[in-house]
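The block underneath contains the structure these notes are about, expressed in structure tokens.
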Amino acid sequence: MKKIMIFVLCSFIGSTCFSQTLSKADFIEDLEYLKKTLPVKHTNLFAKITSPAFETKVNSIINKADTLNYDTFATELFKLTVGIGDEHTFVEPKFTQILPIKFELFKEGVFIIGIDRANSAFLQAKLIAINNHSINSVISLFKEVIQTENKSYFEDHFLHFINNPSFLKGLGIIEDNSEAEFTLVDKNGKQTKIKLAAVEGNDISNIELTFAQSDMLANKKKGNYWFNYDSDRKTVYFNYNNCRDEQDNPFAKFNGELFTYIAQHQPEKIILDLRYNSGGNSGILSPFIEKIKNSYLNSKGKFFVLIGKQTFSSAVMNAVDLKRNSNAIFIGEATSGNINHYGEVRGFSLPKSKIVIAYSTRYWELWKGMKGPLKPDIHVKYSIKNYVEGRDEAIMQVYRN
């Protein structure tokens, strides 16, 4: 199969400006344009929803146009994409604010792993409620706007939007998108409430936060790809974070250096970490895949692939290739991307709100007859205790095999 770039529309709008004060007529114009345009552009919009059902859903939003604002309009569009059921057909509003807090899901619940410096005492605290909405009710509301068929897909997107004040306002969890109140149980067992003011931005990775820990091997270096050698355990750890070439270090060059190192040091195991890779160009990893297939490391107990709820799109394509054509043992959580899926994304802007509607232009059948995500051979349930102490359960499993 020829592997090509799957585009992610992170900045489709560019520098276009718009007003968030939109009229009933503006919303209706956007919805009529969406109803007419999406079925034409999408490769198979009606794979999981019928044409009449799609039109009924759009018309139901039109009927409430006089009650909408920008945030609630975006929320209604998210609900519409849930009905469509395509992981690569999604909504990209122009969000401009974010709450300076980062959460992660552990087997014990939802915990703070990053927060602004002024509130660093609340690192590792467990989230109980947002603006007096219990965490269970918050999750229920999120299930109306994020697809739930794939549990990992839901969890990944839930974590992505839970610190987005516009998203929370659109769901009715907060009334004012300038701040939110979080009810927490801190690491000492004390329940407390804190208010956080929204800051300018839309990407939490660009916000200065204090984090709970930094000792995880996965956090050791930056970049799209890098490797580390543990001489005591004779294990190469290869972190592949992004399916894109680095300008100053093309992957083909990096791959050559990696396998030269392997030839020199003769490691007993190799770990490929795909847990934090959301996609790009699936062909970038091809040189590694071809080399590892013919390596002495391609045998049970020597080659391990880590996958998780952030493994999506092209990273799933790479993982499926290795699952079918290597002897790797897969460890972690199910991928957020499904094995067979619509993709190769394009997008268009709605005329008035300028909200981007991303849509699929191709169907990828990577493994005939398979449904849902790629699941690990060894499932890992991560704990907050191990996380804050810098222990990675997935890598711990490698050393048990």
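Laboratory data are not the source of any read-out in this text; all were calculated from the coordinates shown. Bear in mind that the values here come from a model prediction, so they are computed numbers and not experimental data. Cβ atoms come from the backbone with ideal geometry, glycine included; neighbour counts cover every protein chain shown.
Relative to 2.2 N^0.38 Å, what does the C-alpha radius of gyration of the chain come to as a ratio? Two decimals please.
It is 1.03.
May I ask you to derive the FRET efficiency for Asn249 and Tyr229 from their Cβ-Cβ distance with R0 = 22 Å, giving the value to the nearest 0.05?
Efficiency at R0 = 22 Å is approximately 0.80.
What number, in nm² with one decimal, is the all-direction average of the projected area of the convex hull of the alpha-carbon atoms of the range 97-201?
Quarter of the Cα hull surface area: 6.2 nm².
Once phi is turned into ³J(HN,Hα) by the Karplus curve 6.51 cos²θ - 1.76 cosθ + 1.60 with θ = phi - 60°, what whole-Hz value does each residue of the range 42-50 show in order, with x for glycine and proline?
Once rounded to whole Hz, the list reads 5, 5, 6, 4, 9, 5, 10, 9, 7.
Under 18 Å Cα to Cα from Lys385, which lysines show up? Leave out anything in the same chain fewer than 8 places away.
Reachable lysines: Lys102, Lys107, Lys126, Lys187, Lys190.
At 7 Å along the Cα-to-beta-carbon direction for both Lys220 and Asn202, put a label point, then send me their distance in nm to one decimal.
Placing both labels 7 Å along Cα→Cβ, they lie 3.6 nm apart.
If each of Ser60 and His265 carries a label point 7 Å out from its Cα toward its Cβ, how far apart are those two points in nm?
5.6
Kirkwood Rh, the range 265-325, all Cα pairs: how many Å?
Hydrodynamic radius (Kirkwood, Cα pairs) of the range 265-325 is 12.0 Å.
Over 20 Å between Cα atoms: which of Lys48/Lys94; Lys151/Lys375; Lys64/Lys151; Lys222/Lys269; Lys291/Lys323; Lys24/Lys64 fall into that group?
Result: Lys48/Lys94; Lys64/Lys151; Lys222/Lys269 exceed 20 Å.
If the cut-off is a Cα-Cα distance under 17 Å, which aspartates and glutamates reach Lys57, setting aside same-chain residues fewer than 8 apart in sequence?
Straight-distance partners of Lys57: Glu29, Asp30, Glu32, Asp66, Glu76, Asp86, Glu144.
For the range 97-201, build the charge dipole from Cβ charges (+1 Lys, Arg; -1 Asp, Glu) around the Cα centre, then report which of Ala125, Ala197, Ile146 sits farthest towards its positive end.
Projecting each Cα onto the dipole axis, the largest value belongs to Ala125.
Send over the per residue convex hull volume for the range 253-293, Cα only, as a whole number of Å³.
Dividing the Cα hull volume of the range 253-293 by its residue count gives 84 Å³.
Per-residue HN-Hα couplings for the range 70-83, Karplus 6.51 cos²θ - 1.76 cosθ + 1.60 at θ = phi - 60°, whole Hz, x for Gly and Pro?
Here the 3J(HN,Hα) series is 4, 5, 6, 5, 4, 4, 5, 5, 4, 4, 4, 5, 4, x Hz.
Could you check how many percent of all C-alpha pairs in the range 217-278 are farther apart than 13 Å?
Distances greater than 13 Å cover 61 percent of the Cα pairs.
I'd like the orientation of helix 251-265 relative to the chain: the angle between its Cα long axis and the longest Cα principal axis, in ° from 0 to 90, rounded to 10.
The helix 251-265 is inclined about 30 degrees to the chain.
Would you mind checking which residues have amide H under 5 Å from Leu374's amide H? H placed 1.01 Å from N; only 5 or more apart, or other chain.
So Leu374 has HN proximity to Thr335, Ile339.
Please identify the GluC sites (Glu not before Pro) of the range 243-331 that satisfy two criteria: DSSP loop assignment and at most 15 other Cβ atoms within 10 Å. Which are they?
The qualifying sites are Glu268.
I'd like to compare 128-134, 274-280: which one has the highest average count of other Cβ atoms within 10 Å, and what's the full order after that?
Highest-to-lowest ranking by the protection proxy: 274-280, 128-134.
Which of the GluC sites (Glu not before Pro) across the range 94-158 are loop residues per DSSP, with 14 or fewer other Cβ within 10 Å?
Glu108, Glu144, Glu149
Looking at the range 313-368, which GluC sites (Glu not before Pro) are DSSP coil and have at most 11 other C-beta atoms within 10 Å of their C-beta?
Glu365
Please list the non-local residues whose amide H lies under 5 Å from the amide H of Ile355, H modeled 1.01 Å from N, same-chain partners needing a gap of 5 or more.
Leu350
Take the Cβ-Cβ distance between Ser299 and Ser140 as r, set R0 to 56 Å, and report the resulting FRET efficiency rounded to the nearest 0.05.
The value I calculate is 0.75.
Which translational diffusion coefficient, to the nearest whole µm²/s, is obtained for the range 281-374 from the Stokes-Einstein equation, given a Kirkwood hydrodynamic radius over C-alpha pairs, 25 °C and 0.890 mPa s?
Using the Kirkwood radius from Cα pairs, D works out to 166 µm²/s.
Taking θ as phi - 60°, what are the ³J(HN,Hα) couplings along the range 98-114 by the Karplus curve (6.51, -1.76, 1.60), each to the nearest whole Hz, with x for Gly and Pro?
Residue by residue, the range 98-114 yields 8, 8, x, 8, 10, 10, 9, 8, 10, 5, 8, x, 9, 10, 7, 10, x Hz.
Which aspartates and glutamates have a Cα less than 18 Å from the Cα of Lys381, not counting those fewer than 8 places away in the same chain?
Cross-link targets: Glu104, Glu108, Glu155, Asp156, Asp273, Glu333, Glu389, Asp392, Glu393.
Taking the Cα centre of each part, how many Å lie between the range 362-400 and the range 254-284?
18
Which length gain, in nm to one decimal place, applies between Ser120 and Lys36 when the Cα-Cα distance is subtracted from 0.36 nm times their residue separation?
Fully extending the segment from Ser120 to Lys36 adds 25.4 nm.
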